[in-house]
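The values are calculated or read from the model by the stated rules, or taken from the named source; none is laboratory data. The structure presented is a predicted model; accordingly, all values stated were derived computationally and were not measured. Don't worry about glycine lacking a Cβ; one is built from the backbone with ideal geometry, like all the others, and counts go over all protein chains shown. Quick note on the areas: whole protein, heavy atoms, side chains included, nothing else; ligands and nucleic acids left out. Shrake-Rupley method; radii C 1.70, N 1.55, O 1.52, S 1.80 Å.
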Amino acid sequence: MPDSRAFSTIYLRFVPPVRAKCRRLLGATMDAEEVVQETFVRLWESGPDAAADADARTVMAWLYRTCTRLAIDVLRRRRRHPGLAGEDAEGDDASSGPALEDAIAAKRLVLTLCDRVPVEQLEAAVLCRVDGLSQPEAARVLGISERTVRRLLERLDESMADWRKEYTS
Amino acid sequence: MTRPEMHPVSRFELDVHWSSGRPAEATIEAHVLACGACQRYLAHLDRIAAEPAPSWNPRGERSAGGPRAAPWRTWLALSGTAAAVAFGTLIYLRARPAAQWGDPGAYVGVKGSPAVQVLVRTSAGTSVWDGRAPVHPGDALALEVAFEGVERVAVAAPSPHGGAWTRLAEAECVRAPLLLPFTLVIDEQPEDERVAIVFSAERIDDGDLTAAIEGEARTRDVWVAGFVLHKSIVKP
């Protein structure tokens, strides 16, 4: 059986940034907390010894990828069941001015399109536009090429433009 | 959509840096020291780290082929009175006196002192620990506390490397009884499980926590209760 105590150390070390990330998108809600927990359950199930041996960047990339996907699932569920919508996401402390406005706009984009576009585009949007990763960083987290990240964002922006046309027509 | 202006250091890099303990020699630390936005973000992570966190529970309740259960919901939901009742009659074992650490059996404690109840969850169900029965690998333990006049409670276990005690969880004592947001899953290591519950008037740092546990503090400001759970690898 894997060493749960050693994994507890990993858990305590990485929970705060994962929690911060989930709250950026989902707010300080129970949904965000459940995504955090589910992320670590999956890390545990995937083999906690590997996490213990890996460097922090590798572990964080894995956690980012997993919790991003899970958070998007929550957003889609919220769209399907508006009665379950959580609180509006709060901005975190580090953002202010234009950066905060961009993050809020990015969240709205993701919320608007979460049930209309493929999850890969949403992942790229969350990482690059909400979390502020560079495209090379997002590519490493997602395990794809930078060119693919760029294309995903372009397609997302096209979908947004189409949605605006529909909405205003 | 307007592309956001890229900050030279992303949150991902800050997250990696923070979770690595903010090594002073890292290039990024030099940037952080000069950047208010990055300092605010790292302070944000520090605040989150100080929040009570549900303890790690690796025993997921996955049902093969079925929808995945959310194991942590069980523990997170169990903070209300109704859920506490679900664990059965609220019979309290008084915390062991420090001098009796390791001795089996319940005892009569002093009226008004904090009390701890250990709940053991096995494949057969959940029961109140009687203070004697061994626990087995895979058993999950929860702690319910009752208290008067204390503000905070922390749960700690011996560090695997010896020396200090490791703080596993903590909570504010907002109401009693309080089911702590903490689960201890018994592993297959042969040594017995030792757990300390530290009640305090205010949050104490890790050094003081260890000192209180090792000193078996029993004062108005800090009160330590400890358990030794003998482990059996023989399935019940």
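Miscellaneous remarks
- For peptide A:134-144, the mean count of partner chain Cβ atoms within 10 Å of a residue's Cβ comes to 1.
- 10 Å Cβ neighbours from other chains, averaged over peptide B:12-24: 6
- Rounded, prolate or oblate (a/c below 1.5 giving rounded, otherwise prolate when a/b exceeds b/c) for the stretch A:15-61 by Cα gyration tensor: oblate
- Most to least accessible of B:His7, B:His31, B:His136 (protein chains only, probe 1.4 Å): B:His7, B:His31, B:His136
- Dimensionless Rg/Rh of the stretch B:111-152 - Kirkwood Rh, Rg from C-alpha atoms: 1.08
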